[in-house]
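**Q** I have a structure I would like to understand better, so I am pasting it below and will then ask my questions one at a time.
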Amino acid sequence: MATLLAASPGTAADDLPTVTARSETAALYDDEPGGNSDADDPAIWRNPAHPGRSLVVATAKEGGLRVYDLDGRLVQSLPAPKPPAADDAPGRFNNVDLVSGLRTPTGRADVAVVSDRGNDRLRIYRIDPSRPGGPLTDVTDPAAAPVFSADQAEINDQRTAYGLATWKDAATGRAYALVSRRERTRLALLELVPAAGGTIGYRPVRTLDLPSSFRLPNGTSWTPCLEPGELPQVEGMVVDPATGTLYAGQEDVGIWRLRADLTGKPVLVDRAKEYGVPGTYDEESEECAPGADPGYGGTHLSADVEGLTLYQESDGDGYLLASSQGDNTFALYDREVSEGNEYEGGFRIGAASPTLDSVEECDGAAILNAPLGDRYPRGLLVVQDGQETPEVPDGEGGTRTATGFKFVDLGAVVDATDM
């Protein structure tokens with residue numbers, strides 16, 4: 001994906017409060033010795049019997065899936081599928097979300113649902129903390145079809161399943177996954193269904209295409225500057241279970257609000273600062289040189305818009321959190337649709353020590369507002385850190401690309417931001 005060389009200036013982010021992480025996972029390295037592992041998206045599973053033994057399930061792209069305890073220690077590592085043939089794309093786990101009490105042929109179960117970008121499929125894992133071999137077991141229907149692609153050749157082009165959010169319809173009890181398509185604006189609604197042998201599959205329900213170009217107030221049309229052939233994609237997504245409302249972060253555009261069943265008209269809740277800024281793509285640098293800012297963008301989000309998650313309160317109040325990747329901040333919006341999802345503030349995650357560093361270029365985030373034992377009595381925020389430190393030499397004069405996940409006391413975020 002092309003990136004805009006310079007973002008719109010702003011000073012609001014400089015005044016945001018700073019919190020620090022309490023712990024972090026070991027660094028993942030996106031190179032051959034590291035198994036091409038790249039931290040991306042977390043989800044938090046609460047152990048109802050022993051909340052202090054809850055788990056964090058997180059994607060590592062070609063490195064597969066990681067399961068951590070609340071201290072950030074590795075509990076289980078599951079590989080992504082191997083390519084069907086030598087020249088095919090390997091499995092690549094992009095986003096993960098959870099479904100509680102999913103109906104299965106063997107009873108209700110909690111499951112983790114993962115978008116496998118490499119194979120254009122969903123993968124489903126049953127969660128059982130008492131299982132000796134590790135809490136997650138792959139229960140994906142072997143006959144599961146590609147989400148967007150017609151054949152393996154299309155899969156290899158990698159315009160495949162990308163962002164993901166789960167949703168359980170309160171009226172029917174049916175469970176769904178909402179999936180975005182890489183380098184396209186399409187969203188797909190898939191129902192999770194029981195399959196043969198106690199496995200779980202999915203069936204397509206409908207799709208919706210978000211806009212790829214936008215009419216500006218001056219009458220001109222604007223399309224985000226991307227590599228040739230690409231459209232402005234969605235990755236970060238979350239569903240508010242109380243209202244069946246989907247929030248989707250179109251990376252260079254802003255945050256959309258729409259019905260989780262993909263009916264009705266999407267509403268743009270907030271725009272990225274770069275919204276409306278023209279750009280010229282340079283093939284040599286593979287970046288976009290920005291033109292003059294016409295002033296139609298927002299003031300709180302700097303592209304890419306990533307990592308959408310919800311802070312849910314029992315009375316229906318709460319906040320939508322979004323990672324503003326371009327300026328390393330997190331934005332908070334009122335959960336109430338009737339209030340227009342107003343912006344309520346934000347924060348940064350700074351360094352707690354020379355080794356427990358700050359968070360930069362955050363891709364994914366997850367909040368659980370529930371007691372999790374003595375360590376996190378007021379809940380937990382887990383975020384991806386796109387620039388893990390300290391830097392490690394790669395043996396060729398550079399450094400290894402390192403990422404990881406930070407664990408932040410949710411109570412500290414609440415206190416710092418007056419949530």
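The values are calculated or read from the model by the stated rules, or taken from the named source; none is laboratory data. The structure presented is a predicted model; accordingly, all values stated were derived computationally and were not measured. Here the Cβ positions follow ideal geometry from the backbone for every residue, glycine too, while neighbour counts run over all protein chains shown. These area figures cover heavy atoms from the full protein model, side chains too; ligands, DNA and RNA do not enter into them. Shrake-Rupley method; radii C 1.70, N 1.55, O 1.52, S 1.80 Å.
**Q** Could you look through segment 215-237, keep only residues that are outside any loop (DSSP other than H, G, I, E, B) and open to solvent by less than 20 Å² (accessible area, probe 1.4 Å), and pick out the one that is farthest from LEU190 (Cα to Cα)?
**A** Across segment 215-237, the extreme among qualifying residues is TRP222.
**Q** Next question. From (1) within 18 Å of LEU308 (Cα to Cα); (2) open to solvent by 10 Å² or more (accessible area, probe 1.4 Å); (3) in contact (Cβ under 8 Å) with a residue 24 or more places away in the chain, pick out the condition that doesn't hold for GLN384.
**A** (2)
**Q** Considering (1) more than 18 Å from the chain's Cα centre (by Cα); (2) within 30 Å of PRO51 (Cβ to Cβ), say which one GLU391 fails and leave the rest.
**A** Every listed condition holds for GLU391 apart from (2).
**Q** Taking segment 48-61 as the region of interest, how many residues are open to solvent by 10 Å² or more (accessible area, probe 1.4 Å) and either touching a residue at least 60 places away in the same chain (Cβ under 8 Å) or more than 17 Å from LEU164 (Cα to Cα) (or both)?
**A** Counting residues in segment 48-61 that are open to solvent by 10 Å² or more (accessible area, probe 1.4 Å) and either touching a residue at least 60 places away in the same chain (Cβ under 8 Å) or more than 17 Å from LEU164 (Cα to Cα) (or both) gives 7.
**Q** Still on this structure, please answer the following. Would you tally the residues in segment 74-86 being surrounded by fewer than 14 Cβ atoms within 10 Å (Cβ to Cβ) and closer than 15 Å to PRO129 by Cα?
**A** Residues meeting the conditions: 1.
**Q** Taking ASN369 as meeting all but one of (1) touching a residue at least 60 places away in the same chain (Cβ under 8 Å); (2) over 19 Å from GLY254 (Cα atoms); (3) open to solvent by 40 Å² or more (accessible area, probe 1.4 Å); (4) not hydroxyl-bearing (Ser, Thr, Tyr), write down the number of the exception.
**A** With respect to (1) touching a residue at least 60 places away in the same chain (Cβ under 8 Å); (2) over 19 Å from GLY254 (Cα atoms); (3) open to solvent by 40 Å² or more (accessible area, probe 1.4 Å); (4) not hydroxyl-bearing (Ser, Thr, Tyr), ASN369 is out only on (1).
**Q** Now, a different point. Does at least one position in segment 353-360 carry a residue that is outside any loop (DSSP other than H, G, I, E, B), in contact with a strand residue (DSSP E or B) (Cβ under 8 Å, 6 or more places away or on another chain) and surrounded by fewer than 17 Cβ atoms within 10 Å (Cβ to Cβ)?
**A** no
**Q** A further question follows. From ALA109, ALA85, which residue is closer than 27 Å to VAL239 by Cα, more than 18 Å from the chain's Cα centre (by Cα) and among the hydrophobic types (A, V, I, L, M, F, W, C)?
**A** From the options ALA109, ALA85, the qualifying one is ALA109.
**Q** Of all residues in segment 400-419 being outside any loop (DSSP other than H, G, I, E, B) and of a type in the set (S, T, N, Q), which is farthest from ILE349 (Cα to Cα)?
**A** Per the stated criteria, the residue is THR403.
**Q** Checking the conditions here, which among GLU339, GLU313 is over 20 Å from ASP97 (Cα atoms), open to solvent by 40 Å² or more (accessible area, probe 1.4 Å), of a type outside the set (Val, Ile, Thr) and free of Cβ contacts under 8 Å to residues at least 60 places away in the same chain?
**A** None of the others qualify; the one that does is GLU339.
**Q** Tell me the residue from PRO142, PRO129, PRO105, PRO146 that is open to solvent by 50 Å² or more (accessible area, probe 1.4 Å), under 21 Å from THR59 (Cα atoms) and touching a helix residue (DSSP H, G or I) at 6+ places or on another chain (Cβ under 7 Å), please.
**A** Selected residue: PRO129, the only one of PRO142, PRO129, PRO105, PRO146 that is open to solvent by 50 Å² or more (accessible area, probe 1.4 Å), under 21 Å from THR59 (Cα atoms) and touching a helix residue (DSSP H, G or I) at 6+ places or on another chain (Cβ under 7 Å).
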